[in-house]
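Read through the structure below, which is laid out as structure tokens, and then see the notes.
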Amino acid sequence: MNSTELIKTAETAARLGAKCLLDWVDKFQVSEKGRADLVTDADFASQTAIVEHISQQFPSHHMLGEEGLAHQEGESDYRWVIDPLDGTSNYVHGFPYYCVSIGLEFKGELILGVVYDPNADEMFSAFREQGATLNGEPITPSQFPSLDQAMVVASLPVGTSAQDIAVKRFLRVLPEAQTVQRTGSAALNLCYVSAGRVDGYWSGNLKPWDMAAGVLICRESGGTVTSIEDGSYSIEIPSILATNGTNIHNELQTLLAEPLF
């Protein structure tokens, strides 16, 4: 299938979803999916707009999305993996670090990723073996060679406790890196690694829709993506380590994968 057509569809869908998010600012109702796990009317409005546009272009394709989306009727080699609002807590609090994330698999392999940040009007895009771009311009990761020079970002689970393994990993890296941040959007974190704005990112608690698009963008930019524990990777497991591909990757993997007892 034509890569240009697929990317155009994904980018248009992402913009439509983002328009819904901006339209709903200060108007939405918030409910609880779980402890500190927020969902809004905006999530559903964004997902509906995304799904409707993609379905118009490719009605036979399967879809998987955060807000209860699991369309798999009929046979198809294609599956869209959609997060209509990555960074919900940020969005609810008016912190402008959230996005729409749309990935596409073909026969189980990621082939396309689009992440759109409506606040900065930044569209990160990638197609397999064609590189990654930001608003149409090629992007590459940083070249910082060591963790003591690096800015890295972690995801911590919602409602976490001081004894959580994610907190212990965060504290283990904190004195070794130049800067450690927690930002609240996995998809944007992966894109920021891709564009050289941060040098590494990890999480042990993601869902497929959190990372599908960002993983493809990061890899196509020249970054390295594995699990925390080893060199393998799949969006079906929650563990991810993404870096600029220098020795920072090995340093972080050593720190993060060590037993925490």
Quiz item: Over all distinct alpha-carbon pairs, what is the Kirkwood Rh of the range 3-138 in angstrom?
Solution: 15.1 Å
Self-check item: the chain - percent relative contact order, Cα under 8 Å, separation 6 or more
Solution: 17 percent
Quiz prompt | For peptides 107-117, 220-230, 193-203, sequence by mean Cβ density within 10 Å, most packed first | solution = 193-203, 107-117, 220-230
Quiz item: Using alpha-carbon pairs under 8 Å, 6+ residues apart, how would you state the relative contact order of the range 107-230 in percent?
Solution: 33 percent
Practice problem: Estimate the FRET efficiency between Ser3 and Ala120 by the formula 1/(1 + (r/R0)^6), using the beta-carbon distance for r and 30 Å for R0, to the nearest 0.05. | Solution: 0.75
Self-check item: Kyte-Doolittle mean at least -1.0, axial Cα span of 24 Å or more - DSSP H helices of the chain
Solution: 3-24, 41-57
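Under the classification rounded if a/c is under 1.5, otherwise prolate if a/b is larger than b/c and oblate if not, where does the range 147-257 fall, given a ≥ b ≥ c as square roots of the Cα gyration tensor eigenvalues?
Rounded is the answer for the range 147-257, as its axis ratio a/c remains below 1.5.
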Exercise. Choose one answer from Ala150, Ala18, Ala120: the residue with the largest mean-square fluctuation in a GNM of the chain with alpha-carbon springs under 10 Å.
Key: Ala120
Quiz item: Hey, which lysines would be in cross-link range of Lys107, C-alpha to C-alpha under 28 Å, not counting anything within fewer than 8 residues on its own chain?
Solution: Lys8, Lys207
Quiz item: What FRET efficiency would be calculated for the residue pair Thr48, His93, taking the C-beta separation as r and a Förster radius of 22 Å, to the nearest 0.05?
Solution: 0.40
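Since every read-out is calculated from the coordinates, none of them should be taken as a lab result. Because the structure is a prediction, the values reported are computed rather than measured. Virtual Cβ from ideal backbone geometry, glycine too; neighbours counted across all protein chains shown.
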